[in-house]
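Chemist: Here it is, the structure, as structure tokens.
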Amino acid sequence: MRLTHSMCTIAECAPGGDGCPAARPRLVKIAVVGGSGVGKTALVVRFLTRRFIGDYERNAGNLYSRHIHIDGELLAIQVQDTPGVQIHEHSLDCNEQLNRCIRWADALVIVFSITDYKSYELLSHLYHHVRQMHPGNAVPVVIVANKADLLHVKEVEPQHGLQLANMLGCAFYEVSVSENYNDVFNAFHVLCKEVSKQQTASTPERRRTSLIPRPKSPNMQDLKRRFKQALSAKVRTVTSV
């Protein structure tokens, strides 16, 4: 599988072709959010390339894309990496760039590290912020506990992340980006399926709406004829009386 790089974007192209598939696939947009140093970029790159790279430059909020098949359908996946979030005076320190990413997304991955309790404390704040950015919209959210291989320095018990995810109504995955690709893939896979399901469910409704015929403009000659008929009937009634 060949990867092409352009303008901070990684696009996975079909084997044997010069570019991505000609057919326009369904678009799924995913934003990855969480505290600093929890492994968001490593998680995204692991999903896209199956490779683990330990060190990254400061997160600049890059956008990545990939074409994958979900249940036999080709999807264009766009994944927005985001800079780390912090709590400032008991509230999230979210800049407008992060808010735009959240509003843009069809689904979100909220990441924390089991080795950083503060990143765990961000979870509920981030989740409720996401819901504020998507009022009335059941945007799918997955919570990912990263660095599951570093048990000797853990600060968060695995069941705590699972309990919080259940309370918030989110899917939960505990992963080791460095050691297990399948768990990483599954976290994104479930989001893609959920978004695809929502988009498929909304499409027939839009199609039915678009097929409803618009009412025709009234024929003025017909209206005049009906008015004359009504007027004549009224005159006959008055005369007979």
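The values are calculated or read from the model by the stated rules, or taken from the named source; none is laboratory data. As the structure is a computational prediction, the values presented were derived from the model and not from experiment. Glycine gets a Cβ as well: all are built from the backbone with ideal geometry, and neighbour counts include every protein chain shown. Please note that ligands, DNA and RNA were not included when accessible areas were found on the heavy atoms of the full protein model with its side chains. Shrake-Rupley method; radii C 1.70, N 1.55, O 1.52, S 1.80 Å.
Chemist: Condition check: in a helix (DSSP H, G or I), open to solvent by 50 Å² or more (accessible area, probe 1.4 Å), within 22 Å of P83 (Cα to Cα) and in contact (Cβ under 8 Å) with a residue 24 or more places away in the chain. Does K193 satisfy that?
Modeler: When the stated conditions are applied, K193 does not pass them.
Chemist: Restricting segment 134-173 to residues that are within 20 Å of the chain's Cα centre (by Cα) and open to solvent by 50 Å² or more (accessible area, probe 1.4 Å), which is nearest to V109 (Cα to Cα)?
Modeler: Among them, the one singled out is Y173.
Chemist: Are any of the residues in segment 45-52 surrounded by 13 or more Cβ atoms within 10 Å (Cβ to Cβ), at pLDDT below 90, under 18 Å from V184 (Cα atoms) and polar (S, T, N, Q)?
Modeler: Scanning segment 45-52 turns up at least one residue that is surrounded by 13 or more Cβ atoms within 10 Å (Cβ to Cβ), at pLDDT below 90, under 18 Å from V184 (Cα atoms) and polar (S, T, N, Q).
Chemist: Let me ask you something else. What do you reckon, is K118 open to solvent by 60 Å² or more (accessible area, probe 1.4 Å), of a type outside the set (S, T, Y), over 26 Å from A76 (Cα atoms) and touching a Gly at 6+ places or on another chain (Cβ under 9 Å)?
Modeler: Criteria met by K118.
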